[in-house]
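S.K.: One structure, as structure tokens, below. Some questions next.
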Amino acid sequence: MNIPNNLDYTKTHEWVKVNGNIARVGITDFAQHELTDIVFVELPKEGAVLSCGKECAVVESVKTASDVYAPLSGRVIKLNQDVVEAPEVVNSDPYGSGWLFEVEMSNSSELNNLLTPDEYKEIAGGK
Amino acid sequence: MPMYTEAKKTPIYPRHIELGAKMVDFHGWLMPLQYKGVIQEHLAVRNNVGIFDVSHMGVVEIKGNDAYKFLQYLITNNLDKISTGNAIYSPMCNEDGGMLDDLIVYMFSREHFLLIVNASNTQKDFDWICKHKKGYNIEINNISNDIVLIALQGPKACGILEKFLNQSLSDLKRFHFRKFKRIIVSRTGYTGEDGFELFIESGKEIWLWDELMKFKPEPVGLGARDTLRLEKGYILYGNDADISTTPIEAGIGWAVSFNKKDFIGKDALLKNKPKKRLVRLEMQESGIPRQGCAILHSGKKIGTVTSGTYSPCMRKGIAMGYIEGDYSDVEIDIRGKLFKAFVRRLYEHSQ
């Protein structure tokens, strides 16, 4: 199971890459592996205000639909259209071109609640 | 690690593990759900050839002078449509016309038949068949453990099998079967593609699997088995039909032969007015309908989805469900939101 060291994670299998005040969000390798073939991605609307911990997107595979939870509060400023057109890229490159959306953080102290790669490994790395 | 202590392993289990399959408990059988991925496996069957472990299916043997007569009474379809070396698809109903299972009957002779039944129903079907044998000169054997089934499906299946058997199969028509040394080759399947189901005696299945794998078919799991059959509108007993549905409601009325003198459920089916009808559904918008989703028209619930998935060929959600009334457009409630879908007539496959 791939768990890059330069990212932060959530208990609900999202990853976060922080760059200044902007956070890029996606789902982890563990998540895409559990979901199997992803066929639809429903992204939040641009400009939507997200609440930390609330459902904000949906990733649907042949097997099942899975909610994506906002790892941080803030306003959605960018969407990855590639995953809407080619959802399978979330399976093949979950940390790279399979990213989902970017958020302008409204409460940077929430970063303290995210998991480190080691902490995430305990939930996901065990398999 | 998940513990599978309850589920039974099929004889081909070691090969699935070696291939890295994700395993799943399917009605008490430990089966491969997928190997490389459902979409890849599905498309391999449509474009190439796939190999399936279907050894979990039940096999019931019926032998004796009254075998033909007995089966004509037991099933709704008419054996007069077939002859030795042919197979026929039929529902099996109770006295109320409710479906107990759908199965395939193989006629070796008028005195010797094999029934292939759904894995989930094997014991129940066997008990039901035995319950009705009184007065018939027959013996009934549950030989599910003695015969193993492997399926080879797809446009390239025939070529591979001909090479393996070193025999031409050009005159083996659909729903016909033939014995080649120790293997019964049947031109049947659940995928809608040209393909074969191979019956081999228990103990030789790993040898057969390994021999066929030399031709590099794609191993296909239950995940793709479901997307393949749903794309073609084939029902799955337990999802799309059960004891509360008649074959007419389930869209397989063509397999009920009312001109047969008698069969279990005939009277009830003659009198029955279908309360609902199984239809195929094709999503007009993104969203995958799942079993249990409500089907609505003009805001009113008119039915329920019984099977739903994503179609790799059509690239949209597809489903089957029962509806009351005749509609061409409906809405499906998927996790609280309504999505539009087309209603299609159930696929009328010819025998």
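The values are calculated or read from the model by the stated rules, or taken from the named source; none is laboratory data. The structure displayed is predicted, hence computed values, not measured ones. Cβ coordinates were reconstructed from backbone atoms using ideal geometry, including for glycine residues, and neighbour counts include every protein chain displayed. Remember, those area values only see protein heavy atoms, side chains included, never the ligands or the DNA or RNA. Shrake-Rupley method; radii C 1.70, N 1.55, O 1.52, S 1.80 Å.
S.K.: Applying the selection to the stretch A:11-26, what residues are open to solvent by less than 40 Å² (accessible area, probe 1.4 Å), of a type in the set (A, V, I, L, M) and closer than 13 Å to A:Lys78 by Cα?
M.R.: A:Ala23, A:Val25
S.K.: Of the numbered conditions (1) open to solvent by 50 Å² or more (accessible area, probe 1.4 Å); (2) assigned to a strand (DSSP E or B); (3) within 14 Å of chain A (Cβ to nearest Cβ), B:Glu331 satisfies every one except a single condition; which is it?
M.R.: (3)
S.K.: Test each condition in (1) more than 30 Å from A:Phe40 (Cα to Cα); (2) among the hydrophobic types (A, V, I, L, M, F, W, C); (3) open to solvent by 10 Å² or more (accessible area, probe 1.4 Å); (4) touching a residue at least 24 places away in the same chain (Cβ under 8 Å) for B:Leu270 and report the one that comes out false.
M.R.: (4)
S.K.: Does at least one position in the stretch B:295-307 carry a residue that is outside any loop (DSSP other than H, G, I, E, B) and either of a type in the set (Lys, Arg) or farther than 30 Å from A:Glu42 by Cβ (or both)? Explain how you work it out, then say what you get.
M.R.: Of the residues in the stretch B:295-307, the ones outside any loop (DSSP other than H, G, I, E, B) are B:295-297, B:300-307.
Those still in the list that are either of a type in the set (Lys, Arg) or farther than 30 Å from A:Glu42 by Cβ (or both) too: B:300-301.
Within the stretch B:295-307 (the criterion being outside any loop (DSSP other than H, G, I, E, B) and either of a type in the set (Lys, Arg) or farther than 30 Å from A:Glu42 by Cβ (or both)), the answer is yes, since at least one residue qualifies.
S.K.: Still on this structure, please answer the following. Kindly provide the set of residues from the stretch B:338-351 that are open to solvent by 60 Å² or more (accessible area, probe 1.4 Å) and at pLDDT below 95, ordered by number.
M.R.: We begin by selecting, within the stretch B:338-351, every residue open to solvent by 60 Å² or more (accessible area, probe 1.4 Å); these are B:338, B:340, B:342, B:344-345, B:347-348, B:350-351.
Within the stretch B:338-351, B:Arg344, B:Arg345, B:Tyr347, B:Glu348, B:Ser350, B:Gln351 qualify.
S.K.: Residues of the stretch A:30-66 being open to solvent by 30 Å² or more (accessible area, probe 1.4 Å) and of a type in the set (D, E, K, R), which ones?
M.R.: Residues satisfying the conditions are A:Glu34, A:Asp37, A:Glu42, A:Lys45, A:Glu46, A:Lys54, A:Glu55, A:Lys63.
S.K.: If I ask for residues that are in contact with an Asp or Glu (Cβ under 8 Å, 6 or more places away or on another chain) and free of Cβ contacts under 8 Å to residues at least 40 places away in the same chain, which ones from the stretch B:4-27 would you list?
M.R.: Result: B:Tyr4, B:Glu6, B:Ala7, B:Asp25.
S.K.: If you don't mind, another one. How about the stretch B:273-327: which of its residues are away from every other protein chain (no Cβ under 14 Å), in contact (Cβ under 8 Å) with a residue 60 or more places away in the chain and surrounded by fewer than 18 Cβ atoms within 10 Å (Cβ to Cβ)?
M.R.: B:Glu282
S.K.: Here's another thing I want to ask about it. For the stretch B:10-38, how many residues are part of a loop (DSSP other than H, G, I, E, B), within 14 Å of chain A (Cβ to nearest Cβ) and open to solvent by less than 10 Å² (accessible area, probe 1.4 Å)?
M.R.: The total comes to 1.
S.K.: For the stretch B:136-149, check the following and say yes or no: at least one residue is buried (at least 20 other Cβ atoms within 10 Å of the Cβ), modelled with pLDDT of 95 or more and not hydrophobic (A, V, I, L, M, F, W, C).
M.R.: yes
S.K.: Now, a different point. Of all the strands (runs of 3 or more DSSP E) wholly in the stretch B:161-267, which have at least 2 residues that are under 15 Å from the mean Cα position of the chain (by Cα) and buried (at least 16 other Cβ atoms within 10 Å of the Cβ)?
M.R.: B:195-201
S.K.: Pull out all pairs, ordered by first then second residue, where Cβ-Cβ is under 7 Å, the residues are six or more apart or on different chains, the first lies in the stretch B:39-53 and is surrounded by fewer than 24 Cβ atoms within 10 Å (Cβ to Cβ), and the second is of a type in the set (Lys, Arg).
M.R.: Qualifying pairs under 7 Å: B:Asn48/B:Lys156.
S.K.: Somewhere in the stretch B:169-188, is a residue farther than 26 Å from B:Asp102 by Cα and in contact with a Phe, Trp or Tyr (Cβ under 9 Å, 6 or more places away or on another chain)?
M.R.: yes
S.K.: Out of A:Ser97, A:Ser73, I need the residue that is small (Gly, Ala, Ser), surrounded by 14 or more Cβ atoms within 10 Å (Cβ to Cβ) and either without any contact (Cβ under 8 Å) to a residue 24 or more places away in the chain or under 26 Å from B:Met314 (Cβ atoms) (or both). Which one?
M.R.: Values: A:Ser73 fails: either without any contact (Cβ under 8 Å) to a residue 24 or more places away in the chain or under 26 Å from B:Met314 (Cβ atoms) (or both).
Step by step, each of A:Ser97, A:Ser73 is checked, and only A:Ser97 is small (Gly, Ala, Ser), surrounded by 14 or more Cβ atoms within 10 Å (Cβ to Cβ) and either without any contact (Cβ under 8 Å) to a residue 24 or more places away in the chain or under 26 Å from B:Met314 (Cβ atoms) (or both).
S.K.: Can you find even one residue in the stretch A:21-28 that is at negative phi and touching a His at 6+ places or on another chain (Cβ under 8 Å)?
M.R.: Scanning the stretch A:21-28 turns up at least one residue that is at negative phi and touching a His at 6+ places or on another chain (Cβ under 8 Å).
S.K.: Also, quick follow-up: Suppose the filter is away from chain B (no Cβ under 13 Å), in contact with a Phe, Trp or Tyr (Cβ under 6 Å, 6 or more places away or on another chain) and not in a loop (DSSP other than H, G, I, E, B); does A:Arg24 pass it?
M.R.: It is true that A:Arg24 is away from chain B (no Cβ under 13 Å), in contact with a Phe, Trp or Tyr (Cβ under 6 Å, 6 or more places away or on another chain) and not in a loop (DSSP other than H, G, I, E, B).
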